[in-house]
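Notes follow once the structure below has been shown.
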Protein chains: 2
Amino acid sequence: MILEKKKAFNLFATSKGLRSTRQRDVILDIFLSTHQHVSVEELYLKIKASNPGIGQATVYRTLKLLVDAGLASEILLHDGQTRYEHVMAGEHHDHLVCTGCNSIIEFEDETIEKLQNEIAVRHGFLIKNHKMEIYGLCAGCRK
Amino acid sequence: MILEKKKAFNLFATSKGLRSTRQRDVILDIFLSTHQHVSVEELYLKIKASNPGIGQATVYRTLKLLVDAGLASEILLHDGQTRYEHVMAGEHHDHLVCTGCNSIIEFEDETIEKLQNEIAVRHGFLIKNHKMEIYGLCAGCRK
DNA sequence: ATCTTACTGAAAATGAATGTCAAAAGCATG
DNA sequence: CATGCTTTTGACATTCATTTTCAGTAAGAT
C-alpha cells in the first residue's frame, strides 16, 4: 500500500515535470508512516530526527505537493496548526474530535455520504470533497 | 430576535462576572447585523466605520466571548482567516462552499443530524457541536 | 465619591506559513 | 562523465492573522 502511494506520487511528479529528490522521498516515507492528522511541526521533528539536513520549508512545500497529488489533505482544527491526513483512494472518513484530550476518532458513514450528494444535487452543486467534524467528549473524557 | 441575543449575552456576561461595556454592545450589534460568516477583518472595518475608537484587539476578544456565550461559532475555511457565524439556538446548518467564487450556501438536514448522533452514541462520544463543509462548484461556477 | 478590578487601545510580540535567493542537485544532452 | 539548463533546497527574512502586554480608562459595588 505504501508502495502504491509512492508510485502514485512518482506518476504525479513526472506528469508535472517535478524532480525526484531524496528529501521528497524521505518526507513521503515518514508521512506515510505516521498516524493520521500530523501537524507540519510534528512531521518536521520526526524527519529531523533521522534526517537532520531537511528544512521545514521543504516539509511545507512537499506536503502541499502531496495534497496536489491527492495523497494527503489538509484539516483545520481549532489549534492554529494545519494538519495533514492520509487520503485513501475512493474512501472517505470523517472525524469525532475530543475537545478533552484532542484525540481523533474516525468514522465512515455511507448514508451520510449519500445524503450529501442529494443535497448537492438539489443545489446544483458539484462536490469535490467535504469534511465533517463532530466536536465533543470521548468516552474516556466524559467521566 | 436580536433582542433575545442581547439578553442572552447579558445573562452570560453577568453569570461570568463580566462587565457590560459600550464596545461589547456595539460589536454584538454589528455582528448580529452582518451576513453569516464574517471574518474578523470584515467585522472590524464595519465597526470602525461607525465607531472609529474601537480597536481590533477588542473585536477579537469580544468574538471569543460571543463564542463562549454560544452566540457565535468559528469556521475555518482555507484562506487563513477565521470567520464567525451566527448560532441559532437549537438549530444547526452546514455549508456548501464554492471553491470557484467562495460563496457559501447553507443547508440543514435532519437525517444527517440523526445519523451523527447515532455514530456518536456508538463511540461513547458526547457531542457538543459539529461542522460539515462540502467543497465544490456552485451552479454558477460549473459552466 | 471612592475603590477595586475588569476592560480597552495601541503597540509589541508571537507563531504558522510563505517568499527570497544563492548554492546544490536532478536529469537530459553531447 | 562533463556540460548546461532548470528545479529544488536550506537558511533566513518576511508576511499576516492572532495574542499578549501594559498603562490608562471605565464599571459597578460599597
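In the calculated pair distance distribution of region A:50-121, what percentage of Cα-Cα distances lie above 20 Å?
50
Pairing the Cα long axis of helix A:56-68 with the longest principal axis of chain A, what angle in degrees results, from 0 to 90 and rounded to the nearest 10?
That works out to roughly 60 degrees.
Can you pull the Rg over Rh of region A:1-68, Cα-only, Kirkwood?
0.94
State the answer as a single residue: which of B:Tyr60, B:Ile127, B:Ser39 lies farthest towards the positive end of the charge dipole of chain B, with beta carbon charges of +1 for Lys and Arg and -1 for Asp and Glu, about the Cα centre.
B:Tyr60
By average Cβ neighbour count within 10 Å, what is the ranking of B:121-130, A:49-58 from highest down?
Most protected by this proxy first, the peptides run B:121-130, A:49-58.
Could you give me the radius of gyration and the Dmax of chain B, taking only the C-alpha atoms into account and expressing both in angstrom?
Considering chain B through its Cα atoms, Rg and Dmax are 17.1, 54 Å.
Measure nothing fancy, just the Cα-based angle from helix A:2-15's long axis to the longest principal axis of chain A, in degrees from 0 to 90, nearest 10.
Its long axis makes an angle of about 70 degrees.
Measure nothing fancy, just the Cα-based angle from helix A:110-122's long axis to the longest principal axis of chain A, in degrees from 0 to 90, nearest 10.
So the helix axis and the longest Cα principal axis differ by about 80 degrees.
When averaged across all projection directions, what area in nm² does the alpha-carbon convex hull of the protein assembly as shown cover?
Averaged projected hull area, Cα only: 18.8 nm².
For region A:32-117, give the magnitude of the charge dipole about the Cα centre (Cβ charges: +1 Lys/Arg, -1 Asp/Glu; no others), in debye to the nearest 20.
For this selection, approximately 560 debye.
So in chain A, which Cys have no other cysteine's beta-carbon sitting under 4.7 angstrom from theirs?
A:Cys101, A:Cys141
Which whole number gives the average count of other chain Cβ atoms within 10 Å of the Cβ atoms across peptide B:107-116?
4
Given an 8 Å cut-off on Cα distances and at least 6 residues of separation, report the relative contact order of chain A as a percent.
18 percent.
Return the FRET efficiency for the residue pair B:Ser15, A:Val121: r is the Cβ-Cβ distance, R0 is 51 Å, and the value is rounded to the nearest 0.05.
0.70
Considering only DSSP beta bridges where both residues belong to region A:8-143, give the percentage that are antiparallel (nearest 5).
Of those bridges, close to 75 percent are antiparallel.
Roughly how many whole Å is it from the C-alpha centroid of region A:8-22 to that of region A:81-143?
Between the Cα centres of region A:8-22 and region A:81-143 lies a distance of 30 Å.
Each value in this text was obtained by applying a stated rule to the coordinates, not by laboratory testing. Quantities reported herein were computed from a predicted structural model and do not represent experimental measurements. Glycine also receives a Cβ, built like all others from the backbone with ideal geometry; neighbour counts cover every protein chain displayed.
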